[in-house]
1. Can you tell me which residues in segment 605-621 are buried (at least 17 other Cβ atoms within 10 Å of the Cβ) and either touching a helix residue (DSSP H, G or I) at 6+ places or on another chain (Cβ under 7 Å) or free of Cβ contacts under 8 Å to residues at least 12 places away in the same chain (or both)?
2. Surrounded by fewer than 24 Cβ atoms within 10 Å (Cβ to Cβ), under 19 Å from the mean Cα position of the chain (by Cα) and either modelled with pLDDT under 95 or not in a helix (DSSP H, G or I) (or both): does that describe H526?
3. Among the residues of segment 281-308, count how many are assigned to a strand (DSSP E or B) and crowded, with 18+ Cβ neighbours inside 10 Å.
4. Identify, by number, the condition in (1) farther than 21 Å from F432 by Cα; (2) within 23 Å of the chain's Cα centre (by Cα); (3) not in a loop (DSSP other than H, G, I, E, B) that V515 doesn't meet.
5. Determine whether D495 is acidic (D, E), in a helix (DSSP H, G or I) and surrounded by fewer than 24 Cβ atoms within 10 Å (Cβ to Cβ).
6. Scanning for something among the hydroxyl-bearing types (S, T, Y) and touching a helix residue (DSSP H, G or I) at 6+ places or on another chain (Cβ under 9 Å), does segment 93-114 turn up at least one residue?
7. Can you find, within segment 309-325, the residue that is surrounded by the most Cβ atoms within 10 Å (Cβ to Cβ) among those that are within 17 Å of L267 (Cα to Cα) and out of contact with any Phe, Trp or Tyr (no Cβ under 6 Å at 6 or more places or on another chain)?
8. Out of the residues in segment 505-515 that are crowded, with 24+ Cβ neighbours inside 10 Å and without any contact (Cβ under 8 Å) to a residue 60 or more places away in the chain, state the one that is farthest from L241 (Cα to Cα).
Amino acid sequence: MSDRRLAAILSADVVGYSSLMEHHEAATLAALKRRRNEIINPRLETAGGRVVKLMGDGELIEFPSIVEAVEFAADVQTTLAALELEDGEPPIAFRIGVHLGDIMIEDDDIYGDGVNIASRIEALADPGGVCISRQAYDQVETKLELAFESIGEQRLKNLARPIEVFRVVLNGEVGARRVPRFMPKRAATTSRQPLLLGAMLAAAILVLVGLGAALYSLVGDGSDQPTVMAQTDARPSLAVLPLLNLSNDPDQEYFADGITDDLITDLSQVSGLLVMARHSTFAYKGQARDVREIARELNVGHVLEGSIRKIGDRFRINVKLIDAKSGSNKWAARYDRRLEEIFAFQDEVTRKVVDAMSVQLTSSESKRLDKPPEARIDAYDIFLRGIERLQRFTRETNKEAREFFVETGRLDPSFARAHADVALTHAMDLFFGWSESRETSITEGERYLRKALIADDSIRQVHFATSNFYLSQGRHDKALRAIDRALQIDPNYADGFAQKAQILALSGQPEKSLVAIAAAKKLSPHYPFYFAWIESLAHFVAARYQDVVRIGEHVTKQNPHFPGAHLTLASAYWHVGRTDDAEWELIEVQNLIPDFDIKREKSRMPFKRSDDLKRYLDGLRGAGAPLGG
């Protein structure tokens, strides 16, 4: 019999645990044991906490009061930050999340939304940091001598409503950041405002993120308000909202999101339609909003929304097309079918929407919809799981995603997107320095691109992956030709235009780059942060450093975990004479990339013109970045 009560829950997780275990297994286990025995456990006993679950890389702890839970978290992180490393001991950092919420107790274990929220909040914390929920903050704000900073309302997975999250300011410093080895320790006082927590590490230089990003930040003209571009296109316009997952299993979220993605892709390839990009429509996920209000914000004439329930080998989908002006349904349908009919369902919805909006298909578009299904349903399900991993953008999940894609291709060799995404994961390894062997990544990436092109060269994602793969190696002309082919297939491809903008910037064509990124922003009014970063990159190439600073400061607030923005901003700061701020950005980089140096960055950043690369590296050298071996 389960019991239910209000409880203070703390979730802690070791940062980069899989990578540490892969490279330093024995030393990592010893270091983790030392921290638990010397720091965590003694303080836990004093605070009266109960360890509910102890995993290799983290802990779930229940406390008798929320005050004791937050005080414990801050004390542990502060003490760990000051701990001297022993010889050969790898650095261990924790993320901690704390929440006050409802739990169910059964056989000494705890379940429920309270546990889930604590875990989701923990993922938002910086390495060595603590985040707490609004419910926790309301109880501890006046009872603890700690400072807190709101990072705004956050959309947490499987929760319908956003939750405001607060960061605990440790040691009187913004973000409790670790000062890198190559810089003297100094007070955290610069002209910059405190950074806001955002998304996951490296969540996205566009070279690596065309499948979408977890963060839907709104970065515009330098103000704090969303920028919604005026719509001047004469084509009928449409926004496809995320399908609501009605399955009993919340882990089926990947399936609902995957079907939504495919509907957006299919409809955006109809040349007679103007379709909003995924970034903008997924910004409304979990929000109970009037579709007419959403349509006004996106400046579209129609909205497609619905729900999906997947049970066993069947799915049930309700979907309706809404006229944004009147709020009435232009078309609605309910589908109750076997899973192997999912592709026929997608094609039928595309045709019904096109008909309802009085759009004429071209002959090639009609033929595309008449093509047989592109994959077996078992392979497709594995593919969607891979997409969910890929969008987390870490070294470990990138490797996991590749394994899913390889298995998809093994089950169904004709599935071109799976082969293309194997190549995309190799491009990510190349760009972020995750490859164990650069030569192997290039060889395997090329092999899977050939498979994808042979299987089906009419799919936009195949050419997008090809473009990413070539750009990661500095092969700009091939990357540009590939993305142009993707844009021919899908004229509504916002990420495609952003990818083109990035290639043009890195190729030394900043004005053309700005035209392309403007097209991307038009297709995705709620555009992700990396669109703005690409815009800043174009200004850097044009030597307009003040514009880089204006945009870059906003990007780093929206996503402080993206090293590319910190690096571009650091170099621009140095060029305009703001050396202190440039040094601060390199502190941020050191937190994200501990082994960062000029040699690494020179080999990573694919500027085509030597002068652009020189100016970029000069700014980093001037800010004090180490040269490397």
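1. M605, P606, F607, K608, D612, Y616, L617, G619, L620
2. Details: surrounded by fewer than 24 Cβ atoms within 10 Å (Cβ to Cβ): yes; under 19 Å from the mean Cα position of the chain (by Cα): yes; either modelled with pLDDT under 95 or not in a helix (DSSP H, G or I) (or both): yes.
Spelling it out, H526 is indeed surrounded by fewer than 24 Cβ atoms within 10 Å (Cβ to Cβ), under 19 Å from the mean Cα position of the chain (by Cα) and either modelled with pLDDT under 95 or not in a helix (DSSP H, G or I) (or both).
3. So the count comes out to 6.
4. So the condition that V515 fails would be (2).
5. So D495 fails the test.
6. Our first condition is that a residue be among the hydroxyl-bearing types (S, T, Y); within segment 93-114, this holds for 111.
Keeping just the survivors that are touching a helix residue (DSSP H, G or I) at 6+ places or on another chain (Cβ under 9 Å) gives none.
Checked against the condition, which is being among the hydroxyl-bearing types (S, T, Y) and touching a helix residue (DSSP H, G or I) at 6+ places or on another chain (Cβ under 9 Å), segment 93-114 yields no hits at all.
7. Top of the filtered list is I322.
8. A505
The values are calculated or read from the model by the stated rules, or taken from the named source; none is laboratory data. The structure displayed is predicted, hence computed values, not measured ones. Note that each Cβ is placed from the backbone with ideal geometry, even for glycine, and that neighbours are counted across all protein chains shown.
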